[in-house]
Structures are given as C-alpha cells and as structure tokens.
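Below is one structure, written out as structure tokens; comments come after it.
All of the numbers you see were taken from the coordinates with simple rules; none came from a lab. It should be emphasised that the depicted structure is a prediction, and the values quoted were computed from it without experimental measurement. Cβ: placed from backbone, ideal geometry, glycine included. Neighbour counts: every protein chain shown.
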Amino acid sequence: QVQLVESGGGLVQAGGSLRLSCAASGSIFSVNPMGWYRQAPGKQRELVAAFTRGGGINYAAFVKGRFTISRDSTTNTVYLQMNSLKTEDTAVYYCNIDMGWRTYWGQGTQVTVSS
C-alpha cells in the first residue's frame, strides 16, 4: 500500500512564497515518478510540475520559473517551492506517484493567495 501525505499549504499574500512537501510511504522506489498537480474551484485538475520516468522534469507553462520541484530519494519526499505567488495560484495542490500499474494521490493541501 502506498500513502502520500502533503503539507505546507496555507494563506499567503501575492508575491509571497510557500514550500509544499509530500511524503510517500510504502513500497516506493526512486524510479517511480512523483509530481504536483492542482485543482481550483470549478476547474479541472492540472499539472504543475512532475518528474518523468526518464529523469526529466515537466513544468506547466504558467510556472514560468516561479516554481521548483525537487525530490529527496532518501526519504521519498517531493517538494514544490513556490515563489512569486499570484492570486490565480489559489487551488488545492495534490502530489502523486506513478507506480506503473496505478497512480496514487495524496489528500491535497490548500494554497490560498490573497491580493
């Protein structure tokens, strides 16, 4: 069984920063890609940033150098450093892990950016 627990969300003013964490537990291997997605009210869940099986990183266009994804393979934790936050970044942020046969999701952490 794989579990993902996100933390680090909260309320921040526009222009501020937050760092999200996602700790994975279970039969995890460093080759299993992890990533961050978000879902705003009334919108579909969308990619924010994610590692690929080839070792690369995909960033959404709206990230534009503001966000950085990183991973600590020793603790199976993935991070999302978010800088220069905008009000439109307000959403529930989810991490996931691709185990090959299925993808697991965390419960999400709320990020609210005020103007």
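The phi torsions of the stretch 33-41, fed into the Karplus equation with coefficients 6.51, -1.76 and 1.60 and a -60° offset, translate into couplings of x, 10, x, 10, 10, 9, 9, 8, x Hz, rounded to whole numbers, with Gly and Pro shown as x.
Tell me, which longest segment in the chain has none of the trypsin sites (Lys or Arg not before Pro) that fall in DSSP loops with at most 11 further Cβ atoms within 10 Å? Don't skip to the end; give the middle numbers.
Working: sites that count: LYS43, ARG53, LYS64, ARG102.
Value returned for the longest uninterrupted segment is 1-42.
As an equivalent ellipsoid, the stretch 8-55 spans semi-axes of 25, 15, 11 angstrom, where each value is the square root of five times an eigenvalue of the C-alpha gyration tensor, largest first. Within the chain, the longest segment free of exposed loop sites, counting chymotrypsin sites (Phe, Trp or Tyr not before Pro) that fall outside DSSP classes H, G, I, E and B and have at most 14 other Cβ atoms within 10 Å, spans 30-100. The modelled label-to-label distance for the pair THR87/GLN107, using points 7 Å beyond Cα in the direction of Cβ, is 3.0 nm.
Taking max minus min of the alpha-carbon positions on each principal axis, the chain gives extents of 41, 26, 24 Å, largest first. Here is the size of the stretch 71-112 from its Cα atoms: Rg then Dmax, 12.7, 36 Å.
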